[in-house]
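Asker: Next up is a structure, given as structure tokens.
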There are 2 protein chains.
Amino acid sequence: MPDLMNTKKAVTLLSGGLDSATAAAIAASEGYTLYCLSFDYGQRHKQELESAALTARSLGSAQHMVLSADMRKLGGSALTSSSIHVPKDRNTHEMESGGVPVTYVPARNTIFLSYALAWAEVLGSSDIFIGVNAVDYSGYPDCRPEFITAFERLANLSTKASVEGGIDFKIHAPLIHMTKAEIIQMGEKLGVDFSLTWSCYHPDAEGYPCGRCDSCKIRAKGFREAGVIDHAAKKRGQKRSKNELAG
Amino acid sequence: MPDLMNTKKAVTLLSGGLDSATAAAIAASEGYTLYCLSFDYGQRHKQELESAALTARSLGSAQHMVLSADMRKLGGSALTSSSIHVPKDRNTHEMESGGVPVTYVPARNTIFLSYALAWAEVLGSSDIFIGVNAVDYSGYPDCRPEFITAFERLANLSTKASVEGGIDFKIHAPLIHMTKAEIIQMGEKLGVDFSLTWSCYHPDAEGYPCGRCDSCKIRAKGFREAGVIDHAAKKRGQKRSKNELAG
């Protein structure tokens, strides 16, 4: 149990995926006490939240808060609306040239960071960690450095803590310029248990990763390039062949 | 019923109070079809949401969406935490010199605007109206022009609609430089039914406005200075004397 009085606190967004797990591990390695924040936002698969809870525990976080974010009512994404289809079997070229994918959730990171900011203010923390990444192409506009900079600016104009308390909020996006392989190598070095993390957008009927959505393919490619074994795929009985995963 | 195909759409944040009702009426007067958005954010009193629903209907809105925003779990405000006391009987000097009041809710407008942005993107709208006001002193940092400008900048960096679709999001804060009396006169001119609106932070046991919290006092002063009768106070059996309201 960390000594809560003598450490600096960080609110770390935890999606259940490997990027946010690595970002949280970086925060821990820098001496922050972790206050992990996840969202039940009507995503198709709840496995993400279980992975987030397991990861928060494995990183020794002081608290793991799960907030409901009422985004399914708004729709507009394959991840929150059952009427939009999750693409499968796209190759790297198709992913890179297809523009912002249908799995984009309108204003998701803006909403998540807003809650993180609120919690940081209540906790007396000035540091928020988010595992966004602009290199391995996901095409999400709210994963780019200019978005993070704009949010940080907003944070420092919108809160009592900043305007009255002189707190200088910092949005840490330590993975933003790393490739997926570099993120995996970094996580491996920091002891992240990737077998707890979850990436698939469209698990099969038995709850296993599909191996065919963009997220499964980017994950498989990342582990391959990092030269690291993905124990999650093994553990969850991911039966697809290496060739199939390679796309 | 507005012709939804041939009008421009605006997402209008509606709190149940008179400011947001007036901001929405301004949007309607400018030819926008209204998509009103309110939040159940764990506020102490649900009367606000009833007032928002009545106001949305009276303004002929195309839709009124109420989203749950899980802010009570975060705490940190007299409006969402039962352990923080709502101040009463403060005079204007005390309100103006007291700094950011305890009724400040951490990052509230950032969270609300983030959802409004998500909905605007799904609707194909580029216009969001919010009834914030920086003149009659509420002391909230997220009611200032620099906050609105920073959010607008963020909106145009964070969405598929802006980055890929070329949408230029505009955050309209038409009341930002108006006094409460000017807002009331404007609303009166546009036919806002103020008797439907709700301002009190701390209604009494029978559900009537207390007449003693900052919000009741600012409202009473505004109506007095505008030379307009507040039918809400009359209708809800607000029994306190004019002197008492004047503080």
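Asker: Quick one: in the stretch B:140-155, which of the residues that are part of a helix (DSSP H, G or I) and more than 7 Å from every other protein chain (Cβ to nearest Cβ) is surrounded by the most Cβ atoms within 10 Å (Cβ to Cβ)?
Answerer: Top of the filtered list is B:A155.
Asker: Shifting gears a bit: Among what's in the stretch A:119-139 and is assigned to a helix (DSSP H, G or I) and touching a residue at least 60 places away in the same chain (Cβ under 8 Å), pick the residue that is farthest from B:L157 (Cα to Cα).
Answerer: By that ranking, first place goes to A:L123.
Asker: Looking only at residues in the stretch B:46-84 that are in a strand (DSSP E or B) and surrounded by fewer than 19 Cβ atoms within 10 Å (Cβ to Cβ), which one is nearest to the other protein chains (Cβ to nearest Cβ)?
Answerer: B:S68
Asker: Follow-up question, since we're still on this one. Could you tell me whether any residue of the stretch A:69-85 is modelled with pLDDT of 90 or more, closer than 19 Å to B:S68 by Cβ and of a type outside the set (A, V, I, L, M)?
Answerer: Among the residues of the stretch A:69-85, not one is modelled with pLDDT of 90 or more, closer than 19 Å to B:S68 by Cβ and of a type outside the set (A, V, I, L, M), which makes the answer no.
Residues are listed down the side, and each one gets a yes or a no for (1) surrounded by fewer than 18 Cβ atoms within 10 Å (Cβ to Cβ); (2) outside any helix (DSSP H, G or I); (3) touching a residue at least 12 places away in the same chain (Cβ under 8 Å); (4) within 8 Å of chain B (Cβ to nearest Cβ):
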site	(1), (2), (3), (4)
A:V86	no, yes, yes, no
A:M95	no, no, yes, no
A:N109	no, no, yes, yes
A:I167	no, yes, yes, no
A:I183	no, no, yes, no
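Asker: Could you tell me which of the residues A:V163, A:V122, A:V132, A:V102 is more than 9 Å from every other protein chain (Cβ to nearest Cβ) and surrounded by fewer than 23 Cβ atoms within 10 Å (Cβ to Cβ)?
Answerer: So the residue among A:V163, A:V122, A:V132, A:V102 that is more than 9 Å from every other protein chain (Cβ to nearest Cβ) and surrounded by fewer than 23 Cβ atoms within 10 Å (Cβ to Cβ) is A:V102.
Asker: Which one of these does B:S158 not meet: (1) crowded, with 20+ Cβ neighbours inside 10 Å; (2) under 25 Å from B:Q43 (Cα atoms); (3) in contact (Cβ under 8 Å) with a residue 40 or more places away in the chain?
Answerer: Unmet for B:S158, out of (1) crowded, with 20+ Cβ neighbours inside 10 Å; (2) under 25 Å from B:Q43 (Cα atoms); (3) in contact (Cβ under 8 Å) with a residue 40 or more places away in the chain: (2).
Asker: Tell me whether the stretch B:198-207 contains one or more residues that are crowded, with 19+ Cβ neighbours inside 10 Å, out of contact with any Phe, Trp or Tyr (no Cβ under 7 Å at 6 or more places or on another chain) and within 18 Å of B:I130 (Cα to Cα).
Answerer: Scanning the stretch B:198-207, I find at least one residue that is crowded, with 19+ Cβ neighbours inside 10 Å, out of contact with any Phe, Trp or Tyr (no Cβ under 7 Å at 6 or more places or on another chain) and within 18 Å of B:I130 (Cα to Cα), so the answer is yes.
The values are calculated or read from the model by the stated rules, or taken from the named source; none is laboratory data. The shown structure was predicted, so the numbers you read here are calculated from the model rather than taken from an experiment. A quick note on method: Cβ atoms are made from the backbone with ideal geometry, for glycine too, and the neighbour counts reach across all protein chains shown.
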